[in-house]
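Trainee: Before I ask anything, let me first share the structure, which is written out below as structure tokens.
The values are calculated or read from the model by the stated rules, or taken from the named source; none is laboratory data. Since we're looking at a predicted model, the values are computed, not measured. Here the Cβ is made from the backbone with ideal geometry for all residues, glycine too, and neighbour counts use every protein chain on show.
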Amino acid sequence: MQGSPVNALEFIQGQNYIEIPYYQRNYDWKRSNCERLITDLLNLHEKDISTHFFGSIVVKPGDLSNQTIVIDGQQRITTVSLLMLAIYNYIMANNLDTEYDPNILYSNYLVNKKKKSQENIKLHSNPRDYEAYKSLFSNSKFFKQASNVTKNYIYFYEVIESKRIGIDDLIESIEKLQFIEINLNLPEDDAQLIFESLNSTGLDLKESDKIRNFLLMNENIGEQNYLYNTYWQTIEELTLFSLEDFFRDYLTVKNSAYPNKNQVYEEFKKFYNSNYINKKRDFFDDLMDYAKTYEQISLMNTDSSEINYQLKRFVKLDVNVLKPFIMSILHDYNNNNLTENDVIEILQVIENYIARRMITQQSSNALNKVFAVLFRDMIKIQQNNNHSSSPSNIISYLLLNKKGTAIFPDDEMVVQSFKQRNFYNINRFFRNFLFERLENKDSNEVIDIYGGLESGTFSIEHIMPQKLSSTWKEQIGGHHQQIHEQFLNSIGNLTLTGYNSSYSNRSFEEKKNIEKGFKDSNFKFLNSIPSKVDVWGEEEIVSRRDSIIERALTIWKMPVSDYKPIIEVDELVPFDGDPSQFTNYSIKGFAFINDEYREANTWVDMYEEVIKELYNIDPTPIIEAVEMNIKDGAVAYTFRKTIGDDNASKYRKIDDGVYVITSSSNWDKFNILRHLLPKYELEYDVLMLDANFYSGLDK
């Protein structure tokens with residue numbers, strides 16, 4: 001590896017072809033970068049500075065004679081070439097007499113003078129940038145206006161046109177730009193390692209840029225071009241150029257864990273090196289498949305209109321954490337491992353879960369982990385039970401068993417939130433989703449509520465207005481202030497309207513009867529009650545709120561699952577008689593006396609079932625414990641004939657006149673069982689536990 005200073009124009013002049021490989025990122029210098037360069041060039045002229053360091057470039061010899069491959073520095077080389085092309089075109093367009101012969105500028109810096117064909121342009125980059133650059137050599141009507149290449153060329157042309165600096169002085173300043181040129185010309189010069197070292201701070205390159213370079217850099221030019229044209233370019237388009245998000249989601253699919261945003265490249269290398277060494281085209285085939293699912297989600301363009309409608313709701317909700325899971329589902333659908341009905345049912349369960357969590361204001365922080373592992377867990381269960389349960393049944397089972405911050409809110413939680421929550425000052429994506437689903441539900445005649453809200457044709461309206469007029473106060477009655485404060489932002493007082501928002505404070509009668517008012521509203525559900533009543537107050541708001549609650553519970557039903565996990569008894573841990581054995585463990589299930597596995601959400605659930613089963617076998621030992629006036633070990637105080645209201649939550653009923661305390665620690669529970677089991681002539685290991693160690697309190 002050799003490094004030496006070189007004049008920027010001398011470097012360009014000295015090459016027949018400058019090849020920017022396809023793996024390099026697109027040209028992305030912004031106008032601000034170009035403005036900074038022009039400022040530097042003006043300073044060079046005005047202050048008579050001899051040189052200006054313009055960064056380093058890393059190059060290596062190409063396969064063709066005098067072909068130079070740019071490993072690093074393509075942004076600077078492209079920018080200087082654009083500036084020289086703008087100078088040349090301006091001189092020719094205005095027939096200027098300058099110190100510098102335009103024909104020499106053209107042949108030295110812009111084309112390969114040894115080649116006479118039309119394809120003699122000196123600088124070659126990836127197809128999109130090259131097409132834009134090549135168009136600048138022709139009539140301006142052929143310019144690719146959306147390209148950064150074109151935008152920066154036009155900026156340079158305008159600077160020249162403004163005569164802030166003369167042509168000759170500008171070229172003299174450009175001649176003072178200096179690179180440090182690093183040549184990789186030895187076998188031990190590994191372009192990939194050197195490139196990573198130069199970009200180790202990550203300030204210049206995105207994670208996806210590094211991934212592209214990793215995949216393409218060490219291939220020969222022919223293979224680079226093939227992989228870029230066949231795969232990479234298509235993947236960019238399929239992912240709508242959101243490669244940063246796509247690779248993070250792809251790795252989540254593969255690893256069942258979200259990588260940190262600034263660690264995507266490092267995690268990608270680990271994944272690739274573990275799974276696809278010497279199988280690069282297989283990898284690209286897989287990547288392409290998942291890029292297709294990414295497009296299907298973003299554009300809602302599967303071959304199923306029902307799936308697309310469900311995808312639209314997720315896209316409008318803007319819950320990006322769902323993407324890896326949905327990518328996995330669509331990947332299986334595209335490969336005929338899931339049916340259309342499977343996907344529809346799965347997505348409905350997911351929507352129910354997300355909607356209920358949003359209604360009840362559950363934190364979204366837990367969802368990363370939930371959806372990172374959900375597909376993996378579904379597949380694992382399917383394989384264990386030979387696909388005897390439907391995918392949606394398994395997904396329902398998995399989500400219904402989530403606890404804590406990942407809970408699937410039940411009907412009671414949903415009802416309470418609808419009754420108490422402010423539904424006006426909420427996330428706008430969720431609010432739009434909520435009103436769209438409440439109105440359209442599963443109707444065949446769908447109103448484009450999303451489009452109407454985004455365009456301003458529709459608006460979210462307070463029926464009882466935010467500011468009460470005297471008419472409203474009179475209609476609501478003596479407690480109008482209290483009612484207004486309590487119900488203003490209630491879901492029962494919020495609706496969709498198509499009338500002008502300037503009517504918001506009008507009387508209820510006016511709102512009902514004006515054009516596009518409640519009476520002739522297209523929103524048949526949301527405005528059904530306002531269209532029929534003559535006044536609007538607490539009674540009407542509560543009635544409408546309850547109607548909305550009823551509809552919401554039918555749209556986002558609490559799923560049920562009849563799936564029962566198949567767990568081998570030899571995977572369970574036997575109770576060994578030590579009360580401390582399961583301290584700091586959480587329980588998943590157990591088997592008692594026989595091999596039937598039973599789920600248990602808490603240790604209390606397990607304990608109650610075991611005590612009840614012992615009681616059913618023979619109530620005598622437990623009744624004796626109830627009747628005892630002194631403690632037999634720790635048994636007697638555990639059972640009671642009666643309990644007061646203040647102790648009700650601490651006990652579970654076994655039978656009439658028999659209560660067992662459950663507000664005890666795990667140590668106490670297993671100590672009781674240690675005393676009870678011998679009374680039934682049972683060994684301790686008839687109780688088998690499915691439990692996981694964790695650092696925390698007994699659960």
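Trainee: Looking at segment 50-59, can you tell me whether even one residue there is surrounded by 15 or more Cβ atoms within 10 Å (Cβ to Cβ), in a helix (DSSP H, G or I) and under 48 Å from the mean Cα position of the chain (by Cα)?
Mentor: no
Trainee: May I ask you to list pairs of residues, at least six apart or on different chains, whose Cβ atoms are under 6 Å apart, with the first in segment 41-54 being under 20 Å from Met84 (Cα atoms) and modelled with pLDDT of 90 or more and the second being acidic (Asp, Glu) and not in a loop (DSSP other than H, G, I, E, B)?
Mentor: As it stands, the answer is His45/Asp169; His52/Asp40, since those pairs meet every condition given.
Trainee: Let me ask another. Surrounded by 12 or more Cβ atoms within 10 Å (Cβ to Cβ), at pLDDT below 90, over 30 Å from Gly404 (Cβ atoms) and in contact with a Leu (Cβ under 7 Å, 6 or more places away or on another chain): does that describe Tyr680?
Mentor: Against the criterion (surrounded by 12 or more Cβ atoms within 10 Å (Cβ to Cβ), at pLDDT below 90, over 30 Å from Gly404 (Cβ atoms) and in contact with a Leu (Cβ under 7 Å, 6 or more places away or on another chain)), Tyr680 qualifies.
Trainee: If Leu453 passes every condition in (1) part of a loop (DSSP other than H, G, I, E, B); (2) surrounded by 18 or more Cβ atoms within 10 Å (Cβ to Cβ) but one, which one does it miss?
Mentor: Against the list (1) part of a loop (DSSP other than H, G, I, E, B); (2) surrounded by 18 or more Cβ atoms within 10 Å (Cβ to Cβ), Leu453 comes up short only on (1).
Trainee: Considering (1) part of a loop (DSSP other than H, G, I, E, B); (2) closer than 25 Å to Phe179 by Cα, say which one Leu83 fails and leave the rest.
Mentor: All conditions are met except number (1).
Trainee: Return a yes/no flag: does segment 625-633 have any residue that is surrounded by fewer than 17 Cβ atoms within 10 Å (Cβ to Cβ), at pLDDT 85 or above, of a type in the set (D, E, K, R) and assigned by TED's automatic domain parsing to the domain that holds Thr662.
Mentor: Checked against the condition, which is being surrounded by fewer than 17 Cβ atoms within 10 Å (Cβ to Cβ), at pLDDT 85 or above, of a type in the set (D, E, K, R) and assigned by TED's automatic domain parsing to the domain that holds Thr662, segment 625-633 yields no hits at all.
Trainee: Might you let me know whether segment 13-23 holds any residue that is closer than 30 Å to Glu207 by Cβ, among the charged types (D, E, K, R) and assigned to a strand (DSSP E or B)?
Mentor: yes
Trainee: Of the residues Phe271, Phe314, only one is in contact with a helix residue (DSSP H, G or I) (Cβ under 7 Å, 6 or more places away or on another chain) and surrounded by fewer than 19 Cβ atoms within 10 Å (Cβ to Cβ); which?
Mentor: Phe271
Trainee: Could you tell me which residue of segment 111-128 is surrounded by the most Cβ atoms within 10 Å (Cβ to Cβ), considering only residues that are without any contact (Cβ under 8 Å) to a residue 40 or more places away in the chain and out of contact with any strand residue (DSSP E or B) (no Cβ under 7 Å at 6 or more places or on another chain)?
Mentor: Lys113
Trainee: In a helix (DSSP H, G or I) and more than 23 Å from Tyr228 (Cβ to Cβ) - does that describe any residue in segment 127-140?
Mentor: Yes: one or more hits.
Trainee: Go through segment 155-178 and report how many residues are crowded, with 18+ Cβ neighbours inside 10 Å and either without any contact (Cβ under 8 Å) to a residue 12 or more places away in the chain or of a type in the set (D, E, K, R) (or both).
Mentor: Within segment 155-178, residues that are crowded, with 18+ Cβ neighbours inside 10 Å and either without any contact (Cβ under 8 Å) to a residue 12 or more places away in the chain or of a type in the set (D, E, K, R) (or both) number 1.
Trainee: Would you point out which residue out of Lys511, Lys588, Lys564, Lys612 is part of a loop (DSSP other than H, G, I, E, B) and outside the structural domain of Ile354 (by TED's automatic domain parsing)?
Mentor: Lys564
Trainee: Pull up segment 391-413, narrow it to residues that are in contact with a helix residue (DSSP H, G or I) (Cβ under 7 Å, 6 or more places away or on another chain) and either assigned by TED's automatic domain parsing to the domain that holds Ile541 or not hydrophobic (A, V, I, L, M, F, W, C) (or both), then point me to the one that is farthest from Phe371 (Cα to Cα).
Mentor: Asp411
Trainee: Would you mention how many residues in segment 95-111 are more than 47 Å from the chain's Cα centre (by Cα) and under 17 Å from Ser81 (Cα atoms)?
Mentor: 9
Trainee: To continue, here is another question. Across segment 269-298, which residue is nearest to Ile211 (Cα to Cα) among those that are of a type in the set (Ser, Thr, Tyr) and not in a loop (DSSP other than H, G, I, E, B)?
Mentor: Tyr272
Trainee: While we're looking at this one, here's another question. Can you tell me which residue is nearest to Glu345 (Cα to Cα) among those in segment 376-422 that are modelled with pLDDT of 95 or more and among the aromatic types (Phe, Trp, Tyr)?
Mentor: Phe408
Trainee: Turning to a different aspect of this structure: Filter segment 74-94 for residues that are surrounded by fewer than 22 Cβ atoms within 10 Å (Cβ to Cβ) and farther than 16 Å from Tyr157 by Cβ; which is farthest from the chain's Cα centre (by Cα)?
Mentor: Looking at residues that are surrounded by fewer than 22 Cβ atoms within 10 Å (Cβ to Cβ) and farther than 16 Å from Tyr157 by Cβ, I get Arg76.
Trainee: Would you point out the residue of segment 137-149, among those that are in contact (Cβ under 8 Å) with a residue 12 or more places away in the chain and under 39 Å from the mean Cα position of the chain (by Cα), that is surrounded by the fewest Cβ atoms within 10 Å (Cβ to Cβ)?
Mentor: Filtering segment 137-149 for residues that are in contact (Cβ under 8 Å) with a residue 12 or more places away in the chain and under 39 Å from the mean Cα position of the chain (by Cα), the one surrounded by the fewest Cβ atoms within 10 Å (Cβ to Cβ) comes out as Lys144.
Trainee: Consider Asn152 against the criteria (1) modelled with pLDDT of 95 or more; (2) polar (S, T, N, Q); (3) surrounded by fewer than 18 Cβ atoms within 10 Å (Cβ to Cβ): it satisfies all of them except one. Which criterion is unmet?
Mentor: For Asn152, the failing item is (3).
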